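The next block holds one structure in the form of structure tokens; read it before the comments.
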Amino acid sequence: MSGSTFVGMPSFPKAAHEAVGNTTLRANLRHATHTIRDKRAKAVAELDDWAHLREAGKQIKDHTLRHLDTYLVQLEETVTAAGGIVHWAADADEANRIVTRLVKETGETEVVKVKSMATQEIGLNEALEAEGIHAYETDLAELIVQLGHDRPSHILVPAIHRNRGEIRDIFAKEMGAWGRPAPEGLTDTPAELAEAARLHLREKFLRAKVGISGANFMVAETGTLVVVESEGNGRMCLTLPETLISVVGIEKIVPTWRDLEVFLQTLPRSSTAERMNPYTSMWTGTTDTETADGPRAFHLVLLDNGRTDTLADEVGRQALRCIRCSACLNVCPVYERAGGHAYGSVYPGPIGAILSPQLRGTASEIDASLPYASSLCGACYEVCPVAIDIPEVLVHLRERIVQGGPATRHGNRVVLKPAKGHAAERAAMRAAAWAFTHPGALRAGQRVASRTRRFHPRTLPGPGRAWSATRDLPLVPAEPFRDWWQRTHGDKESGK
């Protein structure tokens, strides 16, 4: 993996075409996503003020993004005052260099990690491995992915594409090479699998001197970082190591402690369908005694990596509201059938389809295809706890890919060229635009289409065949709407 792109991945249509043929994958995804979405709906229905919480979360995020420069400076001041050290990383390479250097300065060659999308985005594990440092994932699902030499396929449940039998086989085969082996006669019951992981990880927790995390939120007012999780592994990683390094995207900031009230209600209900997270860990700075919980050295790496470029896009910037709940994945009919690997990014599903092309640009075949990985049904927008209008951003990015135009890349204003392979689409859109601005031509075209409807093909020719191969072409009505309206209402409008 290079940065946040899975090297060698084809475009989404090609990867999805292969994925939908995997019946085991589709069964795993269908069972998991339907179970999570049903539980979420019940948890959300318990709150009479859910719509107000959703709007409050949106307003807090939008306000913060408008004043991001101010709050980031405030955060640096409060973290530093509490005993932490703040580092700024413009891109993935710089962030990896900073973290690698910090680990090397401790003299350690092993680190334990809390589940973190940001560190996956920058390829931190691979960067550490290249320098002889072993990073051990401690989240159960991330452990399964790591032991299986696999890739995450879901934001909340990275191993959602695996069933219990597959997990048992991975544990039995791989655990011994990474540490404590799996117990003899391990079965696929959840309790036994969880116990095997617990015993395997316990020795990692007790031995590690360095922990690496991300953060769900950063509070500018106090310099506090927040991690929410369900297993307790995060609590172990955040309190036992002597040195803690947190890599966090700059958009994860909230202005005040009080703002957390909104997100600590909406995030657990939208992600795990829980009323509150079993473990909510908060830390401010460092501890000054050997007997107290928490790190004696704390480093915060603030990651840009395309976020300020995204912020410059008035339509696309709403993707930065995302709190990584994964609700959009669990209701998306495309994700349910294609799975997360088809997106070629650590951010799969609807949010990945709008976030990855903005963070990475649309120059690659993968990223140029992601805004099309959607049916535009709108289910993702309906469940988003911060009201990100994902369909709106998808259409916006499609226009950018087809037409080109102004954008911001690496802090510079550039003009993107239209992507290859969309000439027919551009021609069709230009023809439609011309027709809609010339009513006479539009009316004549509608009448011709209606009178020749019996000769219309059932599939489109040329590039259009890819669209009509899986869809029925809509039938042209026997009479244009304009003619019908004139025939049925014309006399009334003229006063006769």
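The values are calculated or read from the model by the stated rules, or taken from the named source; none is laboratory data. Computed from a predicted model, the values in this text were never measured in an experiment. Because the Cβ atoms are built from the backbone with ideal geometry, glycine has one as well, and the counts that use them run over all protein chains shown. Ligands, DNA and RNA are stripped out before the accessible areas are found, and what is left, the full protein with its side chains, is counted by its heavy atoms. Shrake-Rupley method; radii C 1.70, N 1.55, O 1.52, S 1.80 Å.
What the table shows:
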quantity	calculated
Per residue solvent-accessible surface (Å²) - the chain, probe of 1.4 Å	48
MRE, 222 nm, helices only [DSSP H, n ≥ 4, -39500 (n - 2.57), over the chain, to nearest 500]	-15000 deg cm²/dmol
Integer Hz, Karplus 6.51/-1.76/1.60 couplings in order for segment 320-329, x for Gly and Pro	6, 6, 3, 10, 6, 7, 6, 4, 5, 5
No Cys partner within the rule (Cβ under 4.7 Å), the chain	Cys237, Cys322, Cys325, Cys332, Cys377, Cys384
Segment 327-397, accessible surface, carbon-and-sulfur percent (1.4 angstrom probe)	57
Acute angle (nearest 10 degrees) that the helix 260-271 long axis makes with the longest principal axis of the chain, alpha-carbon atoms	70
Under-5 Å amide H pairs with Phe217, H placed in peptide plane, nonlocal only	Val226
Nearest 10 degrees, 0 to 90: helix 23-45 Cα axis against the chain principal axis	90
³J(HN,Hα), Karplus 6.51/-1.76/1.60, whole Hz, each residue of segment 217-227, x for Gly, Pro	8, 10, 9, 4, 4, 10, x, 8, 10, 10, 10
Net length gained if the chain between Ile85 and Glu46 were fully extended (0.36 nm per residue, minus Cα distance)	9.9 nm
Integer Hz, Karplus 6.51/-1.76/1.60 couplings in order for segment 400-412, x for Gly and Pro	4, 5, 6, 9, x, x, x, 7, 10, 10, 6, x, 10
Residues whose placed amide H lies under 5 Å from that of His134, excluding near-sequence neighbours	Glu110, Val111
Under-5 Å amide H pairs with Val301, H placed in peptide plane, nonlocal only	His87, Ser246, Val247, Val248
Considering only the chain, percent of DSSP beta bridges that pair antiparallel, nearest 5	40
For segment 29-43 and segment 76-116, distance of Cα centres in Å	36
Exposure rank, largest accessible area first [Thr239, Thr100; 1.4 Å]	Thr239, Thr100
For segment 351-415 versus segment 430-461, the gap between their alpha-carbon centres in whole angstrom	30
Length released on extending from His149 to Thr452, taking residue separation times 0.36 nm less the Cα-Cα span	103.3 nm
List Trp178, Trp283, Trp88, Trp434, ordered by accessible area with a 1.4 Å probe, largest first	Trp434, Trp88, Trp178, Trp283
Per-peptide average of other Cβ atoms within 10 Å, ordering 62-72, 480-490 highest first	62-72, 480-490
Crossing angle, helix 439-451 versus the chain [Cα axis fit, 0-90 degrees, rounded to tens]	80
Greater than 22 Å apart at Cα, pairs in Lys113/Lys204; Lys14/Lys39; Lys115/Lys209; Lys113/Lys209; Lys58/Lys252; Lys173/Lys204	Lys14/Lys39
Relative contact order [Cα under 8 Å, 6+ residues apart], segment 1-159, whole percent	20
About the Cα centre, charge dipole magnitude for the chain (Lys/Arg +1, Asp/Glu -1 at Cβ), debye	2680
